[in-house]
Amino acid sequence: MKKSPSKSPPPPSPSSKAFRENLARIMGERKLSFRELSQRSGVTPAVLCRITSGNQATATLETVDAVASAFDLAPATLLRK
């Protein structure tokens, strides 16, 4: 029996890329570490790190909402270029 080829993850959508870039930019502007943002948002530091490094192509809506709330922003703000 042949193994089916493993599927590679789809390329990030424009909103995923915008989220990643906005997350990194705002963390830098506010001088927040992954640990600090994790404490504020409830999202683990590992997930935040994977998103900002591009090792995780997408974020769940729950993650976007949690991070937006921690930044006191509307989720849509984080998804815009």
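The values are calculated or read from the model by the stated rules, or taken from the named source; none is laboratory data. Because the structure is predicted, anything quoted here is derived from the model rather than measured. Counting neighbours? That spans all protein chains shown, and the Cβs are built from the backbone with ideal geometry, glycine included.
Observations, loosely collected:
- Qualifying residue in segment 23-31 (condition: small (Gly, Ala, Ser) and modelled with pLDDT of 95 or more): yes
- Of all residues in segment 56-81 being surrounded by 18 or more Cβ atoms within 10 Å (Cβ to Cβ) and part of a loop (DSSP other than H, G, I, E, B), the one that is nearest to the chain's Cα centre (by Cα): Ala59
- Test: residue in segment 56-73 that is in contact with a helix residue (DSSP H, G or I) (Cβ under 8 Å, 6 or more places away or on another chain), of a type in the set (S, T, N, Q) and without any contact (Cβ under 8 Å) to a residue 24 or more places away in the chain: yes
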